[in-house]
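Colleague: Just dropping this structure here.
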Amino acid sequence: FWAMISGGAALDRETEEFWHRLGYAVVQGYGLTETTSLISLNHPFHTSRGSIGKVLPGREIKLAEDGEILVRGSGVASGYWNGRELQHVTGEEGWYRTGDLGALDEQGNLFFKGRKKEVIVTPGGMNIYPEDLEAALRQQPEVQDCVVVGLERGGNAEPCAVLILRDRTPEAAGGAAVQAGAVQGMVQHANETLAEYQHMRAWFVWPEEDFPRSSTQKP
């Protein structure tokens, strides 16, 4: 046993680094139901950390102006059958809009930046990817889990951290005021690793032991 393949959801950077430090190859792949197979895959001996790999033969990708990943190729489904007729899934020139946001480096490695519908657009017009902020929050030892959501602000939004703390006992909380100060410090430390426009100025502590989760365990 020397390698593992991750797919189906974005791989947490800390998890990837943990297994790499132990000497295992962690290979990420990327694909969608509509593409019927993988779009990109990391080479097991030449992985790019944090990347979902390079595009496989027979597939083309390009990034739209807003960063959305567009895919074209023989593996892309022709459409959905709704019981009466076929609804095409591809648009102009056969490109399928994945709904995912990505970036490409100079070596052609593809990086997943998040779901397009989950991007937070600030009043200043800047795009914030919740995954980047969540990664910064998870670096704080007191944070067990977190989710970053957008709070509406004048037709746009600002990022808000929702936190589950590792120690939730009343003694650890030390009262509401003490806990509020401690959590503010955690968020501030996370902000110090982020760009100014990414800073979280609102936060909540989740009162239950875990978030509501989907069947794939996503909050």
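Colleague: Which loop-located trypsin sites (Lys or Arg not before Pro) does the stretch 78-177 contain, where loop means any DSSP state but H, G, I, E or B and the Cβ has at most 12 other Cβ atoms within 10 Å?
Modeller: Values: sites: Arg84, Arg97, Lys113, Arg115, Lys116, Lys117, Arg138, Arg153, Arg166, Arg168; in loops: Arg84, Arg166, Arg168.
Filter output for the stretch 78-177: Arg84, Arg166.
Colleague: To continue, here is another question. To the nearest 20 Debye, how big is the dipole of the stretch 42-196 about its Cα centre, given +1 on the beta carbon of each Lys and Arg and -1 on that of each Asp and Glu?
Modeller: About 460 debye.
Colleague: Going down the list Lys54/Lys117; Lys54/Lys113; Lys62/Lys218, which pairs span over 21 Å between their C-alpha atoms?
Modeller: Lys54/Lys117; Lys62/Lys218
Colleague: With every protein chain present, what is the per residue accessible area of the chain (1.4 Å probe, Å²)? Working shown, then result.
Modeller: Values: 13030 Å² over 219 residues.
Accessible area per residue: 60 Å².
Colleague: Long-range amide H contacts for Gly99: which residues qualify at under 5 Å (H placed 1.01 Å from N, peptide plane, sequence gap of 5 or more or a different chain)?
Modeller: Those lying under 5 Å, H to H, from Gly99 are Ile69.
Colleague: Take every Cα-Cα distance within the chain, group them into 10 Å bins from 0 onward, and report for each bin the whole-number percent of pairs it holds.
Modeller: Calculated P(r), rounded to whole percents: 7, 27, 31, 23, 9, 2, 0.
Colleague: If you don't mind, another one. Charges on Cβ only, +1 for Lys and Arg, -1 for Asp and Glu, centred on the Cα centroid of the chain; of Thr216, Thr15, Ala3, which one is farthest towards the dipole's positive end?
Modeller: Of Thr216, Thr15, Ala3, it is Ala3.
Colleague: Let me ask something additional. Taking all protein chains together and a probe of 1.4 Å, list His43, His88 from the most accessible to the least accessible.
Modeller: I get His88, His43, largest accessible area first.
The values are calculated or read from the model by the stated rules, or taken from the named source; none is laboratory data. Bear in mind the structure is a predicted one, so any value in this text is a computation, not a measurement. Every residue, glycine as well, gets a Cβ built from its backbone with ideal geometry; the counts of neighbours run over all protein chains shown. When the accessible area is computed, the model is the full protein with side chains, heavy atoms only, and any ligands, DNA or RNA have been set aside. Shrake-Rupley method; radii C 1.70, N 1.55, O 1.52, S 1.80 Å.
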